[in-house]
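Worksheet: the structure to be examined is printed underneath.
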Amino acid sequence: MSEKTKILCITCPKGCTLEVSHEGQTILEVKPGCKRGHAYAANELVNPRRMVATTVNIRGGLHPLLPVYTSAPFPKGRIHELREVLRKVEVQAPIRMGAVVVEDILGTGVNILASRDMAQA
């Protein structure tokens, strides 16, 4: 028995609403949308991922927190676990924008990167 799910495509600014007919994780049809939208809908049903931006503690910096982000989309279902781990991370100033703060976080192959320079206080 097929199901229908509506997904808002975020691959471009247009933001199409896609209607996906599927049986479990097998996609039968996606209406309307372009090729990129169809690929996004397939991935969203099977393995939804999101970019994550947050902060970590920094010792000796101008500010107490350093903004960081994921180097690639992170599994959506594990974002809470990611934030719990990052809450315990503390780095030492100075640090450069783009520096790897945590490598291969939670074994996902995704790195956590600094999103700004932070000089020493």
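Residue-by-condition table, conditions (1) more than 30 Å from residue 99 (Cβ to Cβ); (2) assigned by TED's automatic domain parsing to the domain that holds residue 105; (3) among the small types (Gly, Ala, Ser):
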| position | (1), (2), (3) |
| --- | --- |
| 8 | yes, no, no |
| 12 | yes, no, no |
| 16 | yes, no, no |
| 21 | yes, no, yes |
| 31 | yes, no, no |
| 37 | yes, no, yes |
| 57 | no, yes, no |
| 63 | no, yes, no |
Quick one: which residue in 82, 66 is surrounded by 13 or more Cβ atoms within 10 Å (Cβ to Cβ), part of a helix (DSSP H, G or I) and not basic (Lys, Arg)? 82
Counted residues in region 38-54 being part of a strand (DSSP E or B) and either among the basic types (Lys, Arg) or surrounded by fewer than 12 Cβ atoms within 10 Å (Cβ to Cβ) (or both) come to 3
Starting from residues that are basic (Lys, Arg) and more than 21 Å from the chain's Cα centre (by Cα), keep the ones in region 18-37 and report whichever is surrounded by the most Cβ atoms within 10 Å (Cβ to Cβ). 31
Of the residues in region 1-33, those that are assigned to a strand (DSSP E or B) and under 20 Å from residue 51 (Cα atoms) come to 7, 8
Test residue 77 against the criterion of being over 26 Å from residue 119 (Cα atoms) and among the small types (Gly, Ala, Ser), and give yes or no. yes
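The values are calculated or read from the model by the stated rules, or taken from the named source; none is laboratory data. Because the structure is predicted, anything quoted here is derived from the model rather than measured. When we count neighbours, we look across all protein chains shown, and the Cβ atoms used for this are built from the backbone with ideal geometry, even at glycine.
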